[in-house]
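As structure tokens, the structure follows; a few thoughts come after it.
Read-outs: derived from the displayed coordinates by stated rules, not from any lab. These figures come from a predicted structure and were not determined experimentally. Note that each Cβ is placed from the backbone with ideal geometry, even for glycine, and that neighbours are counted across all protein chains shown.
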Amino acid sequence: MRFGFLLAASVLSFPSGAQGQIRAITLPRTPAANQELGSSGIDAGNYVYVSGQGPLLPDGGAPANFADQIRQALDNLKSVVQAAGLSTAHIVYVQVYLRNIDRYAKLNSVFADYFPKDPPARAVLG
């Protein structure tokens, strides 16, 4: 992994009246939505499971600054959520893998900006 972190396995609660069929969530073909390793997300009826999201930009590059990498990964997560017909308010759990646990404070700062009210449950592994 060339980046200092990865967001993985976010689970989203579906609103009432959700469909009961399992389906892959498809995104426009961009490097951030690369489907070679599987679906970006799976709609499983009552939940949407999101695959690991890193900080890739649509052009295949990535922000140089760690805080901007976190924001980009969260934006990539948001794009999967929106493709499922939901919003970031539906995110209930996020798992983060940090290469350098000393960046935990910066991660918290960006998450607080991104989720100012009722942030999702989160596990951080370093």
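Nearest 20 debye, what's the magnitude of the dipole of segment 23-124 about its Cα centre given +1 on Lys and Arg Cβ and -1 on Asp and Glu Cβ? Let's see the in-between values first.
Numbers: 9 positive and 8 negative charges, 24 e Å.
Roughly 120 debye for segment 23-124.
What nm value, rounded to one decimal, do you get for the distance between Arg71 and Asn108 when each label is placed 7 Å out toward the C-beta?
2.1
Return P(r) of segment 23-124 (all Cα-Cα pairs; 5 Å bins starting at 0; whole %; ordered from short to long distances).
Taking all Cα pairs of segment 23-124, the binned fractions are 2, 12, 23, 25, 20, 13, 4, 0 percent.
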